[in-house]
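Engineer: Below you'll find the structure I mean.
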Amino acid sequence: MTSGAELLSEILLDNVKGRHTLIVIGKGGVGKTTFSILAGAVYARKGRTLVASLDPAKHLIEYLGLEKPLKIRRIGENLYAVQYDIAPLAKKLSSEYTITLKQVMPGLTIVNLDEVVKAIRNAPGFEEEIFLRILEELYESDYDYVVIDTPPTGITHRILTLPSLHTFWIEQLYELRTKIISLRYAIARALGREYKPSDPVLRKLEELHEKYKNLAENLRNHDRTSVAIVATPEPLPVYEAKTTLELLDRLGMRCRVLVINRILSREEASSSILEIQEKSIREAKQLGGESCRKIGIKQHSKTPRSLEEALELLNLTVELDKL
């Protein structure tokens with residue numbers, strides 16, 4: 001009989017031939033962080049692995065005893081972990097916007113500039129932009145494997161959609177800006193003036209286009225990226241798993257594994273809860289097709305507070321069809 005460790009290793013390493021990123025997605029509270037630690041431990045047997053949590057709940061700090069956010073810590077052989085924190089990264093991004101605005105719009109007064117930056121920081125999508133910066137950083141890291149513990153489902157869906165969406169809009173803005181530059185040149189020529197086009201806006205758009213294009217390509221590259229979806233055997237988490245699979249299909253991304261976590265035994269649950277659980281598991285088995293493997297993790301008595309305690313969950317891991 002295949003052990004939980006062998007099963008997870010078989011699934012996570014199937015057709016993985018080079019550097020690989022596993023993105024772990026799910027509703028808040030379903031066990032994304034716990035599964036991310038398990039996946040990280042499996043990958044660490046093959047190469048240097050980083051478990052990176054973007055989840056604002058910051059459970060990774062508690063579970064692995066990390067000192068503080070944004071500091072990478074070695075937690076096992078070939079295994080490292082880091083918890084990201086939005087607040088300091090938001091401050092850094094705001095400063096970058098300030099510098100960029102001064103470069104492309106030197107006529108802005110300091111008062112106006114402060115108001116613009118404040119508006120940007122409170123604008124929809126600002127938080128997602130920070131997560132995109134983190135993703136870009138993780139793809140450029142020198143780890144063999146990276147496991148990303150994501151924020152709750154809604155935020156993660158927007159993050160995954162943005163690289164392709166940003167690429168499209170930047171292309172439209174680039175075309176519009178090019179027309180503006182051409183018009184300036186035509187006016188200068190008609191007036192007999194010299195005009196040397198050296199536009200900071202075009203340079204910035206080119207830089208952003210390259211960045212988001214590369215990120216979108218990495219997400220779609222099945223050799224480079226795959227997704228683990230985590231849910232509990234309840235209607236709402238399973239429904240969110242379904243919507244995530246639909247999004248992955250639209251984006252051209254691959255689901256590697258669907259994990260149903262905290263499955264209660266018949267002795268532990270009432271008949272009404274068992275009925276809900278069994279229905280949810282049946283629905284989960286129908287999701288994602290054959291390429292998305294399905295596994296279950298039975299209910300464990302306590303939340304892991306160390307790597308060793310997390311690894312004990314491998315003894316409770318089985319293929320979903322065997323439940």
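Engineer: Report whether or not G65 is at pLDDT below 90 and either assigned by TED's automatic domain parsing to the domain that holds H157 or closer than 28 Å to V16 by Cα (or both).
Structural biologist: It is true that G65 is at pLDDT below 90 and either assigned by TED's automatic domain parsing to the domain that holds H157 or closer than 28 Å to V16 by Cα (or both).
Engineer: Residues in region 223-255 that are in a loop (DSSP other than H, G, I, E, B) and within 26 Å of I276 (Cβ to Cβ): how many?
Structural biologist: 3
Engineer: Do we have any residue at all in region 299-319 that's touching a strand residue (DSSP E or B) at 6+ places or on another chain (Cβ under 7 Å) and within 26 Å of H157 (Cβ to Cβ)?
Structural biologist: Scanning region 299-319 turns up no residue that is touching a strand residue (DSSP E or B) at 6+ places or on another chain (Cβ under 7 Å) and within 26 Å of H157 (Cβ to Cβ).
Engineer: So, in region 168-215, exactly how many residues are over 30 Å from L251 (Cβ atoms), of a type in the set (F, W, Y), touching a helix residue (DSSP H, G or I) at 6+ places or on another chain (Cβ under 6 Å) and touching a residue at least 12 places away in the same chain (Cβ under 8 Å)?
Structural biologist: 0
Engineer: Still on this structure, please answer the following. Name the residue, out of I159, I187, I130, I180, that is of a type in the set (A, V, I, L, M, F, W, C) and at pLDDT 90 or above. Give the derivation first.
Structural biologist: Working: I187 fails: at pLDDT 90 or above; I130 fails: at pLDDT 90 or above; I180 fails: at pLDDT 90 or above.
It is I159.
Engineer: Let me ask you something else. Would you pick out the residues in region 280-313 that are among the charged types (D, E, K, R) and either part of a strand (DSSP E or B) or in contact (Cβ under 8 Å) with a residue 40 or more places away in the chain (or both)?
Structural biologist: E283, R293, K294, K298, R305
Residue by residue, here is whether (1) modelled with pLDDT of 90 or more; (2) in the same structural domain as T303 (by TED's automatic domain parsing); (3) at negative phi holds:
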{"residue": "K27", "(1), (2), (3)": "yes, yes, yes"}
{"residue": "S36", "(1), (2), (3)": "yes, yes, yes"}
{"residue": "A39", "(1), (2), (3)": "yes, yes, yes"}
{"residue": "N78", "(1), (2), (3)": "yes, yes, no"}
{"residue": "L101", "(1), (2), (3)": "no, no, yes"}
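Engineer: Could you tell me whether K179 is in a helix (DSSP H, G or I) and within 16 Å of L135 (Cβ to Cβ)?
Structural biologist: Taking the combined requirement at face value, the residue does not satisfy it.
Let's see how each residue does on (1) modelled with pLDDT under 95; (2) of a type in the set (A, V, I, L, M, F, W, C):
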{"site": "L219", "(1), (2)": "no, yes"}
{"site": "H222", "(1), (2)": "no, no"}
{"site": "E240", "(1), (2)": "no, no"}
{"site": "L245", "(1), (2)": "no, yes"}
{"site": "R250", "(1), (2)": "no, no"}
{"site": "R293", "(1), (2)": "no, no"}
{"site": "I297", "(1), (2)": "no, yes"}
{"site": "K322", "(1), (2)": "yes, no"}
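Engineer: Right, another one. Determine, yes or no, whether L60 is of a type outside the set (S, T, Y), surrounded by 15 or more Cβ atoms within 10 Å (Cβ to Cβ) and within 19 Å of I23 (Cα to Cα). Spell out how you get there, then give the answer.
Structural biologist: Values: of a type outside the set (S, T, Y): yes; surrounded by 15 or more Cβ atoms within 10 Å (Cβ to Cβ): yes; within 19 Å of I23 (Cα to Cα): yes.
The answer is yes for L60.
Engineer: If you don't mind, another one. Take the residues in region 148-206 that are of a type in the set (A, V, I, L, M, F, W, C) and touching a Pro at 6+ places or on another chain (Cβ under 8 Å); name whichever of them is surrounded by the most Cβ atoms within 10 Å (Cβ to Cβ).
Structural biologist: Looking at the filtered set, the residue picked out is I159.
Engineer: Cβ-Cβ under 6 Å, sequence separation 6+ or interchain: first residue in region 260-279 and closer than 11 Å to L323 by Cβ, partner surrounded by 11 or more Cβ atoms within 10 Å (Cβ to Cβ) and of a type in the set (G, A, S). Which pairs?
Structural biologist: Listed pairs, sorted by first residue: I260/A231; I260/A284; I260/G296; I263/G296.
Engineer: Let me ask something else about it. Exactly one condition in (1) over 21 Å from H20 (Cα atoms); (2) surrounded by 22 or more Cβ atoms within 10 Å (Cβ to Cβ) is not met by A228; state its number.
Structural biologist: The one condition A228 does not meet is (1).
The values are calculated or read from the model by the stated rules, or taken from the named source; none is laboratory data. Computed from a predicted structure; not experimentally measured. Ideal geometry is used to build each Cβ from the backbone, glycine not excepted, and the neighbour counts take in all protein chains shown.
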